[in-house]
Amino acid sequence: MQVQLQGRPVDRRLYPSDLSDEEWAFVAPYLTLMREDAPQRVHDLREVFNAVRWMVKTGTQWRYMPNHFPPWAAVYQQTQRWIKAGVFEAMVHDLRALLRLGEGRAPEPSAVVVDGRTLQSTPESGARASYDGHKRKKGSKLHMVVDTLGHLLMLTVTPAGEQERAQVGALLTEVQAITSGEVEMAFVDQGYTGEAPALAAAEQGVTLEVVRLPEAKRGFVLLPRRWVVERSFAWLTRFRRLARDFERLPETLAGLHYLAFACLMLSKAVKLLGSA
């Protein structure tokens, strides 16, 4: 079935993951790493981006991508170019500032929330995996920093056996570079307790605030500030490709997480601008 996509005929049915015209108008300048009429461009750039969005959302393998999309190898290669160029990160940073302004906040946060999430390894990622004794799981650990609205600032991937507290210095160094040193407070869970992470945070001008569980807790307890990053992790569960670590390269896993956040934040930004 041939449909119209931004005035162009596309010989396939539309998926819910396809970009709207408003979304494409926002992301096109980020994705176009070379001129639109460059002679080496064979496949439509919007269809390539639709393909990788579909893959991350549905969780399929690269080689099982439907034939009505551009060839999987072309989609994979272009996705790697975008990841190496920091395209998805740039989208996330600009969208975060836009959404914060829409909420009446400053573009850069003064407080963040830090946490880690362990992803089960697969045969593709097993060579770089390690065992997380706390979660009793072998895989990779995603260390993530979000603002107090749950929007992503930065993330990194390590083997699951790496301690979360050991990543504080590197995470906050990058966060301060992104926000021009605006962050003053970082909320963390009890896994970050200790003098070393507090000192690492202080070196970056950040106070590490450990949010503790009540001593006599019973059942689920909603912790102040801490629930924000847990909700951000929950948002990621909507993308089946991110349920486990299916990637051979940690850079690809991190890049697809940035892409997932870009998709989530782009949808919110379009609604915000539409209601303005």
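Couple of notes before you dig in:
- Residue in region 252-262 that is at pLDDT 95 or above, touching a His at 6+ places or on another chain (Cβ under 7 Å) and open to solvent by less than 30 Å² (accessible area, probe 1.4 Å) present: no
- Region 27-56, subset among the aliphatic types (A, V, I, L, M) and in a loop (DSSP other than H, G, I, E, B), residue modelled with the highest pLDDT: Val42
Condition check ((1) modelled with pLDDT of 95 or more; (2) of a type outside the set (S, T, N, Q); (3) over 30 Å from Val211 (Cβ atoms)) across all residues:
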site	(1), (2), (3)
Tyr15	no, yes, yes
Ala25	no, yes, yes
Thr58	yes, no, yes
Tyr76	yes, yes, yes
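- His68 meets all of the listed conditions (1) within 22 Å of the chain's Cα centre (by Cα); (2) in a loop (DSSP other than H, G, I, E, B); (3) modelled with pLDDT of 90 or more but one, namely (1).
- Flag for Glu162 being open to solvent by 40 Å² or more (accessible area, probe 1.4 Å), under 23 Å from Glu89 (Cα atoms) and acidic (Asp, Glu): no
The values are calculated or read from the model by the stated rules, or taken from the named source; none is laboratory data. Because the structure is a prediction, the values reported are computed rather than measured. Virtual Cβ from ideal backbone geometry, glycine too; neighbours counted across all protein chains shown. Note: accessible area is taken over every heavy atom of the protein model, side chains too, but ligands, DNA and RNA are not part of it. Shrake-Rupley method; radii C 1.70, N 1.55, O 1.52, S 1.80 Å.
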